[in-house]
Amino acid sequence: NRRKKKGDRILENPSIPNPFPELCCSPFASVLSASLLPKATSRKKQVIKVYSEDDTSRALEVPSDITARDVCQLLILKNHYIDDHSWTLFEQLSHTGLGRAIEDHELVMEVQSNWVMEEETKLYFRKNYAKYEFFKNPLSFFPDHMISFPSETNAALSHSGILQMFLSSSTYPEIHGYLHAKEQGKKSWKKLYFLLRRSGLYFSTKGTSKEPRHLQFFCEFSNSDMYMSLTGKKISGAPTNYGFCFKPNKSGGTRDLKQLCADDEQSRTCWMTAIRLLKYGMQLYQNYMQPYQGRSGCSPLNITPMRSISENSLVAMDFSGHRSRIIENPTEALSVAVEEGLAWRRRGCLRLNSHGSPIAMSNMGMSIHRSQSWFHHKISREEAQRLILQHGLVDGVFLVRDSQSNPKTFVLSLSHGLKIKHFQIVPLEDDGKLFYTLDDGHTRFTDLIQLVEFYQLNKGVLPCKLKHYCARIAL
């Protein structure tokens, strides 16, 4: 009887077919362990806004535990960029003129949680070629007159050994030198002798004395972040343009900043690099060796730069002989590509000469460079220096811009030896043809593209080859 009554109830309520049976909860779901469920379902997502150099922005919905490296990897994939491990997430405080490159392992949401409502803070996506350059060339980052070793260490320690000491937990080299410090609550700056040790940053109250009774504690780094001054003397009134500061996490504003200023770029680079190594230690080396390994689930890859799909599908070939061969030497492949590009440009010029006028050809030669990523139209000398500084003061970082002092000329701005140098590109006219030169006409080029391609392969009159260009990317 019970079974009959139950069947009658089922007949009274006709069943409606479920169009989404996979969404129904199984009666056995309650016995499933939570550990067997996918972890992605429990991760919260938030929206972040990332800007590029041309102030275009892109909103991304990301997990709450995403790292800065994973955000860069996401933008690289979405924009089809080639990943050379130099892409960086940059935090910029517009109101105070400060900025810093967020470390690859840092959680983006934790960085944003330290933002103050009164400050206009943005995240920028750009290249930073100097991010891990000290692992490759420590000689230019730690000059001998600013570093000293423990007494038991051999004074003739190699520079690779210096990095090992920085990454070691038992020993740490001492960085010392003069810095300008801004006095708390005042506009004045005072030049003091500073020492960086494992326990923190100190200054001497009596000249260059290192006795404990003359050392006064200045700052520690576990609860603060280090920023570089992007505006030089304008906002802080610093005596030089090489300023940096420490901003406590969740601080109340500019009054809590501990501002310092170096006499030159080499000194500032040494201090900031040593403090980064002191604060993060072996984590920086792990970021350098495994740039793709993060907490948000990106698969670790090898340390060779990832190329685009189209680039991976192409192979450099040589068809000049009786039998074709694959060009395995990357230098030879690059030179062949440059020669093919120049030949293509010459063929284009011949087509224009046969169908167009000489005036049209001249105008094309004068404007062909405007489509290049390394060309920046009308930016000032200060803007060029700021752009190169943000991309990292590595030898060979460059851009080409219009000259403000002479409207008919151009300027090549180049980084070398932790300094930014400017070279004037002068136009020359010979037999009715227009050429460009950097060396008073000894080497001539029909357009700026040929000039840049030549100095990417040859140093010539420049202090180094052109390696990395500063580009205003769009997101």
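The values are calculated or read from the model by the stated rules, or taken from the named source; none is laboratory data. In this text, all values refer to a predicted model and were calculated from it rather than measured experimentally. So basically every Cβ, Gly included, is an ideal-geometry build from the backbone, and we count neighbours across all protein chains shown. Accessible surface is based on the protein model in full, side chains and every heavy atom, while ligands, DNA and RNA are left aside. Shrake-Rupley method; radii C 1.70, N 1.55, O 1.52, S 1.80 Å.
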For the stretch 99-122, how many residues are under 15 Å from Lys49 (Cβ atoms) and modelled with pLDDT of 90 or more? 7
State which residue is most open to solvent (accessible area, probe 1.4 Å) when the search covers only the stretch 28-66 and only residues that are at pLDDT 90 or above and of a type in the set (Asp, Glu). Glu61
So which residues in the stretch 44-93 are in a loop (DSSP other than H, G, I, E, B) and of a type in the set (Val, Ile, Thr), if there are any at all? Thr56, Ile66, Ile82
Going by the conditions given, is Ser267 at pLDDT 65 or above, among the small types (Gly, Ala, Ser), part of a helix (DSSP H, G or I) and over 22 Å from His95 (Cβ atoms)? yes
Just checking, which of Arg381, Arg307 is within 27 Å of the chain's Cα centre (by Cα) and modelled with pLDDT of 90 or more? Arg381
Search the stretch 242-264 for residues being part of a loop (DSSP other than H, G, I, E, B) and either out of contact with any Lys or Arg (no Cβ under 6 Å at 6 or more places or on another chain) or loosely packed, with under 15 Cβ neighbours inside 10 Å (or both), and hand back the single one that is modelled with the lowest pLDDT. Gly252
Go through the stretch 76-105 and give me each residue that's open to solvent by 30 Å² or more (accessible area, probe 1.4 Å) and either closer than 23 Å to Ile235 by Cβ or within 15 Å of the chain's Cα centre (by Cα) (or both). Tyr81, Ile82, Asp84, His85, Gln92, Ser94, His95, Ala101, His105
Got at least one residue in the stretch 214-223 being open to solvent by 20 Å² or more (accessible area, probe 1.4 Å), more than 31 Å from the chain's Cα centre (by Cα), within 14 Å of Lys258 (Cα to Cα) and not β-branched (Val, Ile, Thr)? yes
Scan the stretch 342-354 and give yes if some residue there is modelled with pLDDT of 65 or more, surrounded by fewer than 16 Cβ atoms within 10 Å (Cβ to Cβ) and not in a loop (DSSP other than H, G, I, E, B), otherwise no. no
Reported set for the stretch 453-475 where residues are outside any loop (DSSP other than H, G, I, E, B), farther than 30 Å from Arg58 by Cα and under 22 Å from the mean Cα position of the chain (by Cα) is Gln456
If you take the residues of the stretch 177-203 that are open to solvent by less than 80 Å² (accessible area, probe 1.4 Å) and outside any strand (DSSP E or B), which of them is nearest to Trp271 (Cα to Cα)? Ser199
Condition met for Asp439 (out of contact with any helix residue (DSSP H, G or I) (no Cβ under 7 Å at 6 or more places or on another chain) and open to solvent by 70 Å² or more (accessible area, probe 1.4 Å)): no
Taking first residues from the stretch 439-458 that are under 13 Å from Ile425 (Cα atoms) and free of Cβ contacts under 8 Å to residues at least 24 places away in the same chain and second residues anywhere that are crowded, with 16+ Cβ neighbours inside 10 Å and polar (S, T, N, Q), the pairs with Cβ under 8 Å that are 6 or more apart or on different chains are Thr443/Thr437; Arg444/Thr437; Phe445/Thr437
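Would you mind stating whether Phe125 is at pLDDT 85 or above, part of a loop (DSSP other than H, G, I, E, B), touching a helix residue (DSSP H, G or I) at 6+ places or on another chain (Cβ under 8 Å) and open to solvent by less than 30 Å² (accessible area, probe 1.4 Å)?
no
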May I ask you to verify whether Gly460 is open to solvent by less than 60 Å² (accessible area, probe 1.4 Å) and either among the β-branched types (Val, Ile, Thr) or within 30 Å of Gln92 (Cβ to Cβ) (or both)? no
Residues that are modelled with pLDDT of 85 or more and over 19 Å from Glu110 (Cα atoms): does the stretch 291-300 have at least one? no
Restricting attention to the stretch 388-402, which residues are touching a strand residue (DSSP E or B) at 6+ places or on another chain (Cβ under 7 Å) and either under 19 Å from Ser267 (Cβ atoms) or at pLDDT below 90 (or both)? Ile388, Gln390, Leu393, Val394, Asp395
Can you tell me which condition Gln73 does not meet? The list is (1) open to solvent by 30 Å² or more (accessible area, probe 1.4 Å); (2) within 14 Å of the chain's Cα centre (by Cα); (3) farther than 24 Å from Ile379 by Cα, and all the others hold. (1)
Lone unmet requirement of (1) in a helix (DSSP H, G or I); (2) modelled with pLDDT under 90; (3) among the polar types (S, T, N, Q) for Thr96: (1)
